[in-house]
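A.B. asks: Take this structure first; my questions come after.
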Amino acid sequence: MRRPLPWPLPALLVWASAWALFWLLPRGLPAVLAATAWGAGWSLVGATRMRRLLLALGFPLSLLASGAAALPPWGWLPPLALCLLVYPVHAWRDAPLFPTPLQALDGLPARLALPAGAAVLDAGCGLGDGLRALRRAYPHARLHGIEWSWPLRLACALRCPWARVRRGDIWQSDWSGYALVYLFQRPESMQRAWRKAAAEMPAGAWLASLEFEVPGVLPDDRLQTPDGRPLWLYRVSGKPLK
């Protein structure tokens, strides 16, 4: 397995390649947009929120500081809009692209058996890493993904053509048709996720959360993934929480 490049080498490579693209194109807003899109696209590989921001914003901020492009004030709005398209403000209230390791869910079927054709949802599927891990675990399940960001939703659909991936808000979407909902959110989202699962999902369905547990709720099971992180399992009773 290839080891990832040590930080900040990925940032230097992305910034340098964005600047190279900018200088290769005719000067003007199209060159700025192309280089910004290049950096925003590569930012998706960042391991943390701060690194993704640095990768995405490195080129436009350095361009602004350098004065190499004489754009009118409104000319900076399209690059900003492009970054917000990839990382919408709405999405940052949830989990901004926490990738699921491919082998993370391999032990799940031994603890949680699902019938063939069971509907499984990755709520906040990002680039599709969770869906790929779910497919390894449940190759005969009907896999669904919901993602708020348009570019991430499109990228996920391309990476996971065997899943039904749609754009949507995981908190507004209906979870009642799923036997299993998988999450890799953030700690402060888990109480809300459990309330939604308990209110909407049928009795006997499951909520699985990588790394983050539901505060104050006793899990039905706990697995340890190959990289040492916990996978918390909660069985829905079918009775809404008060």
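None of the figures in this text is laboratory data; all of them are computed from the coordinates on show. Owing to the predicted nature of the structure, the values given are computational and were not obtained by experimental measurement.
A.B. asks: With no solvent and one equal point scatterer placed on each C-alpha of the stretch 151-201, evaluate the Debye formula and give log10 I(q)/I(0) for q = 0.26 Å⁻¹, two decimals.
C.D. replies: So the normalised log intensities work out to -1.11.
A.B. asks: What's the long-distance tail for the stretch 195-236, i.e. % of Cα pairs beyond 11 Å?
C.D. replies: Cα-Cα pairs in the stretch 195-236 separated by more than 11 Å: 64 percent.
A.B. asks: Please list the radius of gyration and Dmax for the stretch 103-208, considering alpha-carbon atoms only, with Å as the unit.
C.D. replies: Final numbers for Rg and Dmax: 12.8, 35 Å.
A.B. asks: Additional query: If amide H atoms are built 1.01 Å from N in the plane of the peptide, which residues on other chains or at least 5 residues away come under 5 Å of the amide H of Leu180?
C.D. replies: Leu121, Trp206
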